[in-house]
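What follows is a short report on a single structure.
Derivation of every value follows stated rules applied to the coordinates shown; laboratory data play no part. What you are looking at is a predicted structure, and each value in this text was computed from that prediction instead of being measured. Here the Cβ positions follow ideal geometry from the backbone for every residue, glycine too, while neighbour counts run over all protein chains shown.
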Amino acid sequence: MNVATKPRRISLRPVTEADLPLLCQRAAAMELRGEFESSRMGSPRSIQKRFAEDGYSSDDSEKLLVCAEGGEVIGDVSHFVAHRYATARELGWAIHDPALRGQGYGSAAAKALVDYLFDNFAINRLCCGLVPGNLASRRVAEKAGLRFEGCLRGVVFVRGEYLDSEVFGLVRADWQRD
């Protein structure tokens, strides 16, 4: 059954110190992770250390929190250097509560991240890698304007095995046309 979802109103904001307990909880909550997410857990110490170092915002990478209309944190988006030799950024997104997935929040968050990056940084290319079969993330990528470009074989290590990664990309000129 294909149910159309209305566009969701979300906002993105930086991580604050008050968010650290939520990040620690999320890092340990294996039951909230989807089948395509890594099973690697982050320690509270590593989360606190990263926040102390750069507040989850540096030239190399940034994590932003996704907030619903009421201001509650429902997920996160991130971007990081995709290639050492280019300005390209790789994107990631997650809606924390499985009950909120499939309702348009991920698409709204990914689109907001794309707009934020092209509006504020001298970046020409955005991309993401998805495990084949991750149809929900594929729809999110496509709704954010990214297009399928190809497949990298055996590049992602998830839950004890190497998986292929479908590459989706978007360049500034295409974003400006849309």
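Quick look at the numbers
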{"item": "Highest-fluctuation residue, 26, 40, 139 considered, GNM on the chain with Cα pairs under 10 Å", "result": "40"}
{"item": "Range of Cα positions in region 11-177 per principal axis (Å), largest first", "result": "39, 36, 34"}
{"item": "Stretch gain in nm, segment residue 39-residue 25, where the contour uses 0.36 nm per residue and the Cα spacing is subtracted", "result": "3.6 nm"}
{"item": "Tensor-based shape of region 62-159 (alpha-carbon gyration tensor, a/c under 1.5 rounded, otherwise prolate or oblate)", "result": "oblate"}
{"item": "For the chain, built as a Gaussian network whose Cα springs stay under 10 Å, the top-fluctuating residue of 130, 113, 20", "result": "20"}
{"item": "Fewest-first sequence of 96, 79 by Cβ atoms within 10 Å of each Cβ", "result": "96, 79"}
{"item": "MRE, 222 nm, helices only [DSSP H, n ≥ 4, -39500 (n - 2.57), over the chain, to nearest 500]", "result": "-8500 deg cm²/dmol"}
{"item": "Charge dipole (debye, nearest 20) of the chain; +1 at Cβ of Lys and Arg, -1 at Cβ of Asp and Glu", "result": "260 debye"}
{"item": "Average Cα contact separation per residue, the chain, under 8 Å, 6 or more apart, as relative contact order %", "result": "19 percent"}
{"item": "Gaussian network model of the chain, springs between alpha carbon atoms under 10 Å - residue of 107, 11, 38 with greatest fluctuation", "result": "38"}
